[in-house]
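**Q** Attaching a single structure in C-alpha cells format; questions to follow.
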Amino acid sequence: MKERRKTRRKYLLYYARIFDPATRHQIGNLVDITPRGVMVLSPEPFTVGVTYRLRLELSDDVSDRPHMDITVLAHWSHADIEPRLFNTGFEIVDAGKEEGKVIQRIINNYGFRDNLRIKD
C-alpha cells in the first residue's frame, strides 16, 4: 500500500497512556505521533471512519496540565504483532493552538526516530 503520510511519523521513547475522557478508563497507549495524527496501541480495535475523543496523559516537561483532550478520526486499525493488541492510526481533527504546541513538545522530547528515510 502506498504511503500517504504527509509528515514524518515519530516513534516515542515513552508510551503515554490514552484514556476515554467520558469514562476515565485507560483505552491504550500512544505509540507514535505527528502534528497531524497519532497511532494508539490498544487491547480493543477502534472502528475505522469513526471520530473519537482521546485524553493523552502528559508529563511535566511537555505541559503544566496533567492531560490533553483531542478529537481524532480513525483511518485504519489492525492486529499488532502481539495478537491480543491492536494498532490504530488516527488523524487529529480538532486540536487548538496550545494542543499543537504540546504535541510538538512531545515529538521534540520523546521522539525516537523517523519511520521514513530521507532520500538525498
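What follows is calculated from the coordinates using simple rules that are stated; it is not laboratory data. Being a predicted model, the structure only gives us computed values, none of them experimental. Cβ coordinates were reconstructed from backbone atoms using ideal geometry, including for glycine residues, and neighbour counts include every protein chain displayed.
**Q** Please give the net charge around Phe86, taking every other residue with its beta carbon less than 11 angstrom from that of Phe86, where Lys and Arg add +1 and Asp and Glu add -1.
**A** -2
**Q** Tally Lys and Arg at +1 and Asp and Glu at -1 over the other residues with C-beta under 12 Å from the C-beta of Pro21: what net charge comes out?
**A** Taking every other residue near Pro21 into account, the sum is 0.
**Q** What net charge do the residues around Leu54 carry, taking every other residue with its C-beta under 15 Å from that of Leu54, with Lys and Arg at +1 and Asp and Glu at -1?
**A** Result for the local shell: -2.
**Q** Just want the ordering: Arg65, Arg55, from fewest to most Cβ atoms lying within 10 Å of their own Cβ.
**A** Least to most surrounded, the residues fall as Arg65, Arg55.
**Q** Follow-up. How do His25, His78, His67 rank when sorted from fewest to most other Cβ atoms within 10 Å of their own Cβ?
**A** Details: His25 7, His78 10, His67 16.
Ascending number of Cβ neighbours within 10 Å: His25, His78, His67.
**Q** When a/c reaches 1.5 or more, the comparison of a/b and b/c decides; with that in mind, is region 42-84 rounded, prolate or oblate per its Cα gyration tensor?
**A** Note, shape of region 42-84 comes out oblate.
**Q** Apply the a/c threshold of 1.5 to the C-alpha gyration tensor of region 30-120 and tell me whether it is rounded, prolate or oblate. Don't jump to the answer; show the numbers that get you there.
**A** Working: a/c = 1.60, a/b = 1.21, b/c = 1.32.
Note, shape of region 30-120 comes out oblate.
**Q** Okay, moving on. For Asp80 and Asp94 in one chain, what is 0.36 nm times their gap in residues minus the Cα-Cα distance, to one decimal in nm?
**A** My answer for the length gained is 2.4 nm.
**Q** Just rank Ile81, Ile27, fewest to most, by other beta-carbon atoms within 10 angstrom.
**A** Ile81, Ile27
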